[in-house]
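One structure is given here, and the rest of the page talks about it.
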C-alpha cells in the first residue's frame with residue numbers, strides 16, 4: 001500500500017464508540033416514531049400499482 005491509497009477498512013474511534021452505544025442503548029421514543037413514519041412512507045411508495053394509474057393519465061391525451 002502506498003502513501004496515497006485510502007484504507008477503506010479503517011474505523012475511527014468515534015465510529016466504534018457510537019456503534020457500541022447503539023448496541024447497548026434502546027431506541028428512543030422519537031427514533032421509534034421516525035422509523036414507523038418512514039416504514040409507512042416506504043410502504044405507500046412501494047405498494048402502488050403503476051399499471052392501474054398509468055391508463056387514467058394517458059386515456060384522453
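Since every read-out is calculated from the coordinates, none of them should be taken as a lab result. Not measured: the values here are computed from a predicted model. A quick note on method: Cβ atoms are made from the backbone with ideal geometry, for glycine too, and the neighbour counts reach across all protein chains shown.
Between residue 28 and residue 48, the distance separating the two model label sites (each 7 Å from Cα on the Cα→Cβ line) works out to 3.3 nm.
For residue 39 and residue 18, the FRET efficiency from 1/(1 + (r/R0)^6), where r spans their Cβ atoms and R0 equals 25 Å, is about 0.60.
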